[in-house]
């Protein structure tokens, strides 16, 4: 079968990105995907191609949006940091100042900063929850308020894979009176003209790309520590609870309940263009910068580094954003201040303030890698090769 036609625009300087994007279809099993790059506030790459469903019966179009899993976390972090910059949120204040019920189970002294840096020791709810709780904001935030920490907060970090969104999002809601999806739409998506949604209206479901299942990695492969194996290694443990409690998480993102709910740790829907636009605005400043210098510095100020108690490998975080890992296959380019967030299966968005660059990649064929997928890495490497 011939490779699908690549559509969109690409400046001549970035032809290597187009070539790498095409190779992802030819050699890396891509089904449908998009990639975008902004440089100094100008869009220089905006490409898409392939199929919007796994059976390859409908095309991936310019306005195809897709679930980006944890790439959503960067959007939630941005919501919180706009409140920090406005003086409405103090990172060193106890979470309970804004959310009094959070003080249950000896959590009264946990600062907001630890929610953003995965140090709050709340990556999961221990009691098994009913399926419908996944789509019920009040049920999930009440369960997290009652949950005791899984380890001593602040001492170690562990990836709050899905709970991050409810934890940070509830703080945003308590301060603003708006759900995090509404606040994001009003303060960030609207002004930037984004087609990115945390809680997707039913009228938009028809243009969502269908996601595949997450495959188990082959034994001995470089992805052997994939999500599936983490969960299977201890089905009743903390990591399994983090990814599969409520059990309806196993239904995945291709159901209307998932799409319409606000699950801001994992269910943002958007395009590569949107990720590149947000991160491009952060990287370049622009005429109306999203964050001033002090708040921007918080994005890449390292807060957590080392062995991750949930994922079982080394991770590195700033305030809500993942930072480049200290390994070549998990880096957001060569510059130390780059920050962003990958999503399960392969999507990623990041900003590089030193290169004044914003990058976004989304796809619908899930890979097994926890951090960066080889398809994204190839596109990132091609982007920086074009910068010389």
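Here, each number is a calculation from the coordinates, and none is a lab measurement. Given the structure is predicted, the values throughout are model-derived calculations rather than measurements. A quick note on method: Cβ atoms are made from the backbone with ideal geometry, for glycine too, and the neighbour counts reach across all protein chains shown.
Observations on the structure shown:
- Take every pair of alpha-carbon atoms less than 8 Å apart whose residues are at least six positions apart; their mean separation over the length of segment 72-141 yields a relative contact order of 19 percent.
- Anisotropy class of segment 46-144 from Cα gyration tensor, a/c 1.5 cut: oblate
- For segment 236-331: rounded, prolate or oblate by the Cα gyration tensor [a/c cutoff 1.5]: oblate
- At q = 0.08 Å⁻¹ the log10 of I(q)/I(0) for the chain amounts to -0.36, computed by Debye summation with a single uniform scatterer per C-alpha, solvent ignored.
- Relative contact order (percent, whole number), segment 1-147, Cα cutoff 8 Å, 6+ residue spacing: 14
- Taking all Cα pairs closer than 8 Å and separated by 6 or more residues, the relative contact order of segment 246-388 comes to 22 percent.
- Spin-label proximity, residue 101 to segment 141-157 - amide N less than 12 Å from point 7 Å beyond Cα toward beta carbon: 141-147
- Acute angle (nearest 10 degrees) that the helix 272-284 long axis makes with the longest principal axis of the chain, alpha-carbon atoms: 70
- Overall form of segment 264-388 per C-alpha gyration tensor (a/c, 1.5; a/b vs b/c): rounded
- Cβ-Cβ FRET estimate between residue 138 and residue 313, R0 fixed at 41 Å, reported to 0.05: 0.75
- Efficiency of FRET between residue 155 and residue 240 - r from beta-carbon atoms, R0 25 angstrom, step 0.05: 0.65
- Whole-angstrom gap from segment 260-312 to segment 13-42, using each part's C-alpha centre: 21
- Approximate spin-label separation residue 204-residue 23, in nm, with each point projected 7 Å along Cα-to-Cβ: 3.4
- With the helix formula -39500 (n - 2.57) applied to DSSP H stretches of n ≥ 4, the chain reaches a computed 222 nm mean residue ellipticity of -8500 deg cm²/dmol.
- 0 to 90° range, to nearest 10: angle between helix 72-85 axis and the chain longest Cα axis: 60
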